[in-house]
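> Please find one structure pasted underneath; my questions will follow.
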Amino acid sequence: MSIWAVVVAAGRGERAALGKNKVLHTIGGVTVLGRCLRALHKSALLDGVVLVLAAQDADAYQSLCAKEGRSSLVKRIVHGGLTRQESVLHGLRALPEDAEIVAIHDAARPFVTADILRRSIELARATGSGVACTDVVDTIKQMEADGRVTTLDRSRLRAAQTPQTFRTAEILQAYARAEAEGWKATDDADLYERRFGRITLFTAPDSPGNVKLTTKEDFMRLEGNPFRIGSGFDTHRLVEDRPLVLCGVTVPSALGLDGHSDADVAVHALMDAILGALGEGDIGRHFPDSDAEYRGISSMLLLARVMRLAAERGFQVVNADVTIVAQKPKLAPYIERMRLNLAEALGVPPDCANVKATTTERMGYEGRGEGISAQACVLLTKGRG
Ligand code: CTP
Ligand code: MG
């Protein structure tokens, strides 16, 4: 006597519109299907899995196994059908004879927990069926044919999930009857209920998390934290015969900053902060000073390139804060222009770009007027849409 699962993964994922079967899409480095199989394996409740796959996904499944490891729980793989119902039937027919209980599970629900699976198995053993459900949080309106709208009693509604677990012999009978009578259903419980006139539903503490990934938005919500933080630091030597450019503003000064580009130390720190937030190294890697293209170039132009890189990765700036450490000249008269320059370059409102200047009370290299340093930090967010 053994407990098996039929995992259906043979859909097209049309509503998710990811350009491939959604269960082969990767979230945080692991595919939805891979996560689902891991969750089932971790539960240690199953003797085997029949995996139902579309023929065209066979290669993708092999490369998934190569990258993520082959699940030893998957004992059989069968081809899916045109509908979920057909795919489940193919899976059920591939079960071994001693599979007393079968948990039918959508690969598109990778967050199933051991507790949910255990409850569904226990109920199937005791009553014939155990169907995972969740309470309904929205008020549901039913549109009648004559245009009237009925509001359903939310406290009596349940949204069916998977696993839907059954005594194997009984669910096979239900599927056979469905085939004979032409019943169509979007879940297994419907067919079982029609055949046997009873069904056992349950909700568990984990039920709200056992979501089915259906739309693009479902996937976007899972794409990790949308915020990235970065910090930057730079320092340049003060020399004669060079302009002093800070945040794109030329500040009147006897000495200017030495460097390959215009040596705008504040913008360099800011670019490093953005690249840091993107996990993209530093400006030395992107704009090497061995490259003649960058000789004397305005750092504001380089900042625009860094912003393009951020945009290509789908990120935008939330806010940035820059501190310039200089003993002299006095920067206060120029700070507001610097701030507006940065706000424009970063595409943020003026209050989301901040520039401040400080001295070091004549201590250290900045205090002795040998150089100017700058620090920056920035918060990026992944733009939606
Ligand atoms: N499924 C299947 N065979 C089908 C259709 C669906 O095995 N012919 C599987 C899906 O892979 C999924 C589960 O059934 O794990 C639930 O279906 P659904 O969420 O509708 O997934 P898709 O059919 O892939 O998505 P869509 O309806 O948006 O195309
Ligand atoms: Mg579907």
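Quick note: the coordinates plus some simple rules give every number you see, no bench work behind them. Being a predicted model, the structure only gives us computed values, none of them experimental. We place every Cβ from the backbone using ideal geometry, glycine too, and count neighbours over all the protein chains shown.
> Inspect the range 140-150 for any residue being under 29 Å from HIS25 (Cα atoms) and touching a Leu at 6+ places or on another chain (Cβ under 8 Å) and give the result as yes or no.
From the range 140-150, those under 29 Å from HIS25 (Cα atoms) are none; that's our starting set.
No.
> Quick test of your reading of the structure: GLY364 fulfils all but one of (1) exposed (fewer than 15 other Cβ atoms within 10 Å of the Cβ); (2) under 21 Å from PHE287 (Cα atoms). Name the failing condition by number.
(2)
> Turning to a different aspect of this structure: Suppose we filter ILE297, ILE324 for residues that are in contact (Cβ under 8 Å) with a residue 40 or more places away in the chain and not in a helix (DSSP H, G or I); which single one remains? Break it down into steps so the answer makes sense when it comes.
Working: ILE297 fails: in contact (Cβ under 8 Å) with a residue 40 or more places away in the chain.
Selected residue: ILE324, the only one of ILE297, ILE324 that is in contact (Cβ under 8 Å) with a residue 40 or more places away in the chain and not in a helix (DSSP H, G or I).
> Which residue, of ASP264, ASP291, ASP258, is in contact with a Cys (Cβ under 9 Å, 6 or more places away or on another chain) and more than 30 Å from VAL137 (Cα to Cα)?
Values: ASP291 fails: in contact with a Cys (Cβ under 9 Å, 6 or more places away or on another chain); ASP258 fails: in contact with a Cys (Cβ under 9 Å, 6 or more places away or on another chain).
Sole residue among the options that is in contact with a Cys (Cβ under 9 Å, 6 or more places away or on another chain) and more than 30 Å from VAL137 (Cα to Cα): ASP264.
Matching residues to (1) among the acidic types (Asp, Glu); (2) touching a residue at least 40 places away in the same chain (Cβ under 8 Å); (3) out of contact with any helix residue (DSSP H, G or I) (no Cβ under 7 Å at 6 or more places or on another chain):
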{"position": "TRP4", "(1), (2), (3)": "no, yes, yes"}
{"position": "ARG12", "(1), (2), (3)": "no, yes, yes"}
{"position": "ARG15", "(1), (2), (3)": "no, yes, yes"}
{"position": "GLY19", "(1), (2), (3)": "no, no, yes"}
{"position": "VAL23", "(1), (2), (3)": "no, yes, no"}
{"position": "THR31", "(1), (2), (3)": "no, no, no"}
{"position": "LYS42", "(1), (2), (3)": "no, yes, no"}
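> State all residues of the range 204-257 that are small (Gly, Ala, Ser) and farther than 21 Å from ARG313 by Cα; if no residue qualifies, say none. Give the steps one after another, and end with the answer.
Applying the first criterion (small (Gly, Ala, Ser)) to the range 204-257 yields 204, 207, 209, 224, 230-232, 248, 253-254, 256.
Within the range 204-257, ALA204, SER207, GLY209, GLY248, SER253, ALA254, GLY256 meet the criteria.
> Restricted to the range 208-263, and to residues that are hydroxyl-bearing (Ser, Thr, Tyr) and in a strand (DSSP E or B), which residue is farthest from ligand 2 (Cβ to nearest atom)?
Initial filter on the range 208-263 (hydroxyl-bearing (Ser, Thr, Tyr)): 214-215, 231, 235, 250, 253, 261.
Now narrow it down to the ones that are in a strand (DSSP E or B): 231, 235, 250.
Numbers: SER231: 46, THR235: 58, THR250: 62 Å.
Result: THR250.
> Which helices (runs of 4 or more DSSP H) sit wholly inside the range 1-114 and have at least 1 residues that are more than 15 Å from ligand 1 (Cβ to nearest atom) and over 27 Å from ALA178 (Cβ atoms)?
Values: elements: 32-43, 58-68, 84-93.
Those helices (runs of 4 or more DSSP H) span 32-43, 58-68.
> Report, by residue number, each residue of the range 75-92 that is surrounded by fewer than 20 Cβ atoms within 10 Å (Cβ to Cβ), under 16 Å from ALA54 (Cα atoms) and more than 16 Å from ligand 2 (Cβ to nearest atom).
ARG76, ILE77, VAL78, HIS79
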